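Enquirer: I'd like to ask you about the structure that follows.
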Amino acid sequence: MSGSAGLSVMSEPSSVAEEISATFRVDLQPSAGELAGTSRHDFTKVWAGGMDGASRGIMLSAGDPGSGTAGYVALETFDGNIGGRRGTIALQQFGTMGNGEAVLRYELVPGSGTGELAGFGGVLELVAGDGTHEVVLRWWQGQPDDDILGSPHAPAR
């Protein structure tokens, strides 16, 4: 169900998805891979715009990015303001590339928020750039419905 001005109504009538834009700069530092055939990078990000703060994280990857076939997972903790709300929250990424196609899932981790970010979830759309990356964050408080997520989310079994 859609509300006015492109906002989507969630399963809780008083909750709506908000959309904000932000940018970040990332500094990647290689570390020792934990498993054979993998790489590890520790990273920091400085965020500006609708997400204003800093994050630190770990990325694990495998495959051959030079040939266009690889995958990675990353987990980071953001500390700052999102849409004027202060706190910390974890973000997770799951990315793969192959056959010239890249697929990325980038989300706020449910249940990880503190302060005014407690109870929030969200999905980030990433546009990589030269040095500065842009994101659009669709975020909500509570449990979203499939209209907000854009695709069904099946529970883990």
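Enquirer: If we scan segment 43-50, do we find a residue that is crowded, with 17+ Cβ neighbours inside 10 Å and either in contact with a Cys (Cβ under 8 Å, 6 or more places away or on another chain) or assigned to a strand (DSSP E or B) (or both)?
Expert: Narrowing segment 43-50 to residues crowded, with 17+ Cβ neighbours inside 10 Å: 45, 47, 50.
Pick out the ones that are also either in contact with a Cys (Cβ under 8 Å, 6 or more places away or on another chain) or assigned to a strand (DSSP E or B) (or both) and you get 45, 47.
Yes: segment 43-50 contains one or more residues that are crowded, with 17+ Cβ neighbours inside 10 Å and either in contact with a Cys (Cβ under 8 Å, 6 or more places away or on another chain) or assigned to a strand (DSSP E or B) (or both).
Enquirer: For segment 65-82, enumerate the residues that are closer than 18 Å to LEU104 by Cβ and part of a strand (DSSP E or B). Spell out how you get there, then give the answer.
Expert: From segment 65-82, those closer than 18 Å to LEU104 by Cβ are 65, 68-76, 78; that's our starting set.
Residues satisfying the conditions are THR69, ALA70, GLY71, TYR72, VAL73, ALA74, LEU75, GLU76, PHE78.
Enquirer: Condition first: surrounded by fewer than 14 Cβ atoms within 10 Å (Cβ to Cβ) and closer than 12 Å to GLY57 by Cα. Now tell me which residues in segment 18-29 satisfy that.
Expert: ASP27, LEU28, GLN29
Enquirer: State which residue pairs qualify: first residue farther than 18 Å from ILE20 by Cβ and modelled with pLDDT under 95 and inside segment 105-131, second residue among the hydrophobic types (A, V, I, L, M, F, W, C) and not in a loop (DSSP other than H, G, I, E, B) in any location, beta carbons under 7 Å apart, and separation of 6 or more residues or different chains.
Expert: So the pair list comes out empty.
Enquirer: Got a number for residues in segment 22-50 being at pLDDT 95 or above, of a type in the set (Gly, Ala, Ser) and at negative phi?
Expert: Here the count works out to 3.
Enquirer: Among the listed residues SER112, SER67, SER61, SER55, identify the single one that is over 22 Å from VAL136 (Cβ atoms), surrounded by 14 or more Cβ atoms within 10 Å (Cβ to Cβ) and not charged (D, E, K, R). Steps first, please.
Expert: Values: SER112 fails: over 22 Å from VAL136 (Cβ atoms); SER67 fails: surrounded by 14 or more Cβ atoms within 10 Å (Cβ to Cβ); SER55 fails: over 22 Å from VAL136 (Cβ atoms).
Going through SER112, SER67, SER61, SER55 in turn, the sole match is SER61.
The values are calculated or read from the model by the stated rules, or taken from the named source; none is laboratory data. Quick caveat: nothing in here was measured; it's all calculated off a predicted structure. Cβ coordinates were reconstructed from backbone atoms using ideal geometry, including for glycine residues, and neighbour counts include every protein chain displayed.
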